[in-house]
Amino acid sequence: MTHTAWVLGLCLLAIQPAFVAHAAAKDSRVEITNFAFSPKTLTVPAGTKVVWTNRDEEPHVVTSAGAMFTPSRALDTGDTYAVTFSKPGTYAYYCTIHPTMVGTIVVQ
Ligand SMILES: [Cu+2]
């Protein structure tokens, strides 16, 4: 083994835990684009932080149907909103400004 290969191997060993930690980080994303939540249904394990990002030029709101979590304020372009789902269940939500925009978070 050349010295270079040995050093590279050491580097890979050193950075590997960072990748593992990143993969285990419990957050998941929903994009708001073209007046729709994407993915429309997101299934996550309990304890996941779900982060919505508004990619539209229009403001949108993330509101729980049945008030199962705190609603967001009106999200402008690029704004994010996060909810951590600790209990299993099906969480339907919609946009109060555009009530035909609906989505679901399924927490397992
Ligand atoms: Cu909206």
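Worth a mention:
- Proxy reagent accessibility, fewest Cβ within 10 Å first, across S64, S72, S38: S38, S64, S72
- By the beta-carbon count within 10 Å of each Cβ, the least crowded to most crowded order of I97, I105, fewest first, is I97, I105.
- Annotation: extensible slack from M68 through T90 equals 6.9 nm (criterion: 0.36 nm per residue apart, minus Cα-Cα distance).
- Estimated Rh, the stretch 26-107: Kirkwood, alpha-carbon pairs, angstrom: 12.3 Å
- Fewest-first ordering of H98, H60 by other beta carbons within 10 Å of each residue's beta carbon gives H98, H60.
Here, each number is a calculation from the coordinates, and none is a lab measurement. Note that the structure is a prediction, hence the values are computed from the model and not measured. Cβ atoms come from the backbone with ideal geometry, glycine included; neighbour counts cover every protein chain shown.
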